[in-house]
Amino acid sequence: MPDELTSPAAFDDLNGGDFLESESSADDRRPERQFCVFRAGRERFCLSVLEVEEVVDWPMVTRIPLAPSFLTGVFNLRGTIVPLVDIAFTEGRKAGLSPKHVVVAVLASEAHGENLRLGIAADEVIGTYSASEESLLDQAPAEVPHCRGMLRHEDRLALVIDLRRLLDVFAVSVI
């Protein structure tokens, strides 16, 4: 019996084939990216978690006179004034039903200046999801110019926000 355990064939059965196959298949897998998925109005949106600084409960918002309808106002995030946009403003929120959360996104500056923080109103934060490249679709609806694609998750689609395009579409001098 001891010869059976120490024979090369027994050693291969215990350690070899299956382990090496699983190790090589792990290397073949494509890298996954993580996304923060949230709902604004009737649509689901997502951002790469690398672009999300944090999610906060609805803060005290200071309205800006004569601001465009999508600019909800500004709020104080630990001493930093952050503009707050509502990307679902076109859907006409019902009176008295304001968003519950703010997804604070950070857009890295192209120069060596300070990064830009932007709050995005969210009715519900669904969670973070890992996604492979197969889960990402390059097409986005033409009527949503601030998105660069879609993410498949939980048998649903979420629009992937492009922060640079978002600032082009929702351009205001305060941002």
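Nothing in this text is a laboratory measurement; each read-out follows from the coordinates by a stated rule. Everything numeric here is computed off the predicted structure, so don't read it as measured data. Every residue, glycine among them, receives a Cβ derived from its backbone with ideal geometry; neighbour counts consider all protein chains shown.
Some observations on this one:
- With R₀ set to 41 Å, the beta-carbon distance separating ASP57 from LEU137 gives a calculated FRET efficiency near 0.85.
- The stretch 33-169 - convex hull of the alpha-carbon atoms, volume per residue in Å³: 127 Å³
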